[in-house]
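To keep things clear, I will list the structure first and then write my remarks on it.
The values are calculated or read from the model by the stated rules, or taken from the named source; none is laboratory data. Predicted, not measured: the structure shown is a model, and the values here were computed from it. Here the Cβ positions follow ideal geometry from the backbone for every residue, glycine too, while neighbour counts run over all protein chains shown.
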Amino acid sequence: MILTDKRILEEIEKGTIKIVPYHRSDLGSNSYDVHLGSTLARYIDKELDAKKHNRIEYFEIPDEGFVLQPHEFYLGVTLEYTETHAHVPFLEGKSSTGRLGIDIHATAGKGDVGFCGNWTLEISVKQPVRIYKGMPIGQLIYFPVEGEIEIKYNEKGNAKYSGQPNKPIESMMWKNKF
């Protein structure tokens, strides 16, 4: 079951969903549109290592936009800071974004109950495409959970991505034990 616009509004009023900045015009019938923040990042090394802290370099999207290239991998960030305290948030691309050949996540579309932060986007493109800061980039949908949650994501000691800032965050796989 997915929350409708009225239910999302009720949860915002209750404080179980927080979206900053929030604009009523971005609320769809069962989703909320999120926008591309001003910062992108790329990994510095061309070969990544899952056991290593791979470094990234940040750059700002200029006012005239930035052309994403195929065979390049970018990390982006949502303009919106979100909190979700009683639902499972899913971030999906908008159909308009997909029709430009832009993928906004490789595998990490699901958040956890208790996620608080800006969403890091895992961006790739099929052909060169110019993007702009503030453009609609995705949509959040919310699923209710069944049962009581023992520990929310933002309360876990090992939550690697809790409190993400308004810039992309690189993989923290290297913090896992394997």
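Observations on the model:
- Here Gly76, Gly117 are screened, and the one residue that is assigned to a strand (DSSP E or B), in contact with a strand residue (DSSP E or B) (Cβ under 9 Å, 6 or more places away or on another chain), small (Gly, Ala, Ser) and at pLDDT below 95 is Gly117.
- Segment 137-153: number of residues that are surrounded by 14 or more Cβ atoms within 10 Å (Cβ to Cβ) and either assigned to a loop (DSSP other than H, G, I, E, B) or in contact (Cβ under 8 Å) with a residue 60 or more places away in the chain (or both): 8
- Strands (runs of 3 or more DSSP E) contained entirely in segment 1-66, each with at least 2 residues that are under 23 Å from Asp112 (Cα atoms) and within 21 Å of the chain's Cα centre (by Cα): 17-20, 32-35
- Residue check for Lys94: among the charged types (D, E, K, R), surrounded by 14 or more Cβ atoms within 10 Å (Cβ to Cβ) and under 15 Å from the mean Cα position of the chain (by Cα): yes
- Residue pairs meeting the criteria (Cβ under 7 Å; at least 6 apart or on separate chains; first of a type in the set (Val, Ile, Thr), in segment 96-110; second assigned to a loop (DSSP other than H, G, I, E, B) and buried (at least 16 other Cβ atoms within 10 Å of the Cβ)): Thr97/Ile104
- Scanning segment 3-23 for residues that are touching a helix residue (DSSP H, G or I) at 6+ places or on another chain (Cβ under 6 Å), modelled with pLDDT of 95 or more, of a type outside the set (Lys, Arg) and surrounded by fewer than 14 Cβ atoms within 10 Å (Cβ to Cβ) turns up nothing.
- Considering residues of segment 21-58 that are without any contact (Cβ under 8 Å) to a residue 60 or more places away in the chain and in contact with a Lys or Arg (Cβ under 8 Å, 6 or more places away or on another chain) only, the residue farthest from Met135 (Cα to Cα): Asp45
- Members of segment 120-136 found to be assigned to a loop (DSSP other than H, G, I, E, B) and either touching a His at 6+ places or on another chain (Cβ under 6 Å) or hydroxyl-bearing (Ser, Thr, Tyr) (or both), listed by number: Tyr132, Gly134
- When segment 154-176 is filtered for residues that are part of a loop (DSSP other than H, G, I, E, B) and among the acidic types (Asp, Glu), only Glu170 remains.
- Test: residue in segment 84-99 that is in a loop (DSSP other than H, G, I, E, B) and among the basic types (Lys, Arg): yes
- Residues of segment 33-56 that are closer than 30 Å to Ile8 by Cα and touching a helix residue (DSSP H, G or I) at 6+ places or on another chain (Cβ under 6 Å): Asp33 alone.
- In segment 97-122, the residues that are at positive phi and under 11 Å from the mean Cα position of the chain (by Cα): Gly117
- Residue check for Ser31: of a type in the set (Gly, Ala, Ser), crowded, with 17+ Cβ neighbours inside 10 Å and closer than 15 Å to Leu140 by Cα: yes
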